[in-house]
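Accompanying notes for the structure given below.
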Amino acid sequence: MNMQYTPPQVWTWDSDNGGEFASINRPTAGATHETTLPEGEHPLQLYSLATPNGVKVTIMLEELLQLGISGAEYDAWLIRIGEGQQFSSGFVEINPNSKIPALLDKSSDQPVRVFESGSILLYLAEKFSAFIPQQSAARTEVLNWLFWQMGSAPYVGGGFGHFYNYAPEKFEYPINRFTMETKRQLDVLERQLASHPYIAGNEYTIADIAIWPWYGALVRNELYNAAEFLSVSDYPHLRDWAERIAQRPAVIRGRRVNRVWGDEALQLPERHSAEDFA
């Protein structure tokens, strides 16, 4: 039987209590060490790791390059979050929240820092006029789904993923609570895709690029090994969409960038030119 937890009058941090990521989680922000980030020759400098949030941006950049937009050439530098590299002074200068991905655009006299994956997708879409409609209603629909993803995915990752996959102990209440919410979100997408080929309508947009690395990975059993537990066969339209997106050449390339686990043939720790994929 689980012991009842009574919160103390004042919470104090137990650095050993936090599961797989206890060594890098802390209740304070800011840099822990001085390190200058590397910079390559391209205007766009990306500092990231191939987590679902990181993959959004590398897919976007590869999609832009697939369109022939040479200004989207980029250097992708590996940030090993398990080693705390996101807490370096150089990284914190670009993203004070110390989360990947972080982008530095040096294409103008004044470099522009962009952090939060949704903000990066929107920034790139607007910069290059791609993967976002210009017409107001269609653009708003894309933004609806972009912000839906930003607000919803933490319940999948920090909620379901943490308690189902990473937590040092498995407890029924949080697993049930976040499983219910994850399945509700999958059903939201299933209903939308039942009548639309892509998330925001008839065109592939940053809404698809934002949502696929999380929810596509879930239904393709590439995230938390939870497809059977979540009964993903209940979502045929979502699964079909996920498979179609997975076959896009830019998605195949983008998923490899800053990846340092799994099949070695699918890993590309750093990316500095198209030749790196050879």
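Computed from the coordinates by the stated procedures, all read-outs in this text should not be read as laboratory data. On a predicted model such as this, the values are computed, not experimentally measured, just so you know. FYI the Cβ positions are ideal-geometry reconstructions off the backbone, even for glycines, and counts take in every protein chain you see.
Below, the figures for the structure above:
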read-out	value
Bins of 5 Å, starting at 0 and running to the largest distance - Cα pair percent for region 1-140	2, 9, 16, 19, 16, 11, 8, 7, 5, 4, 2, 1, 0
Packing-based exposure ordering (other Cβ within 10 Å, fewest first) of 180, 3	3, 180
Unit charges at the beta carbon, dipole of the chain: most positive-side option, 227, 69, 107	227
Cα-derived Rg over Rh, computed across region 11-68 with Rh taken as Kirkwood radius	1.13
Lysine pairs in the chain with Cα atoms under 28 Å, if 8 or more residues apart or on separate chains	9
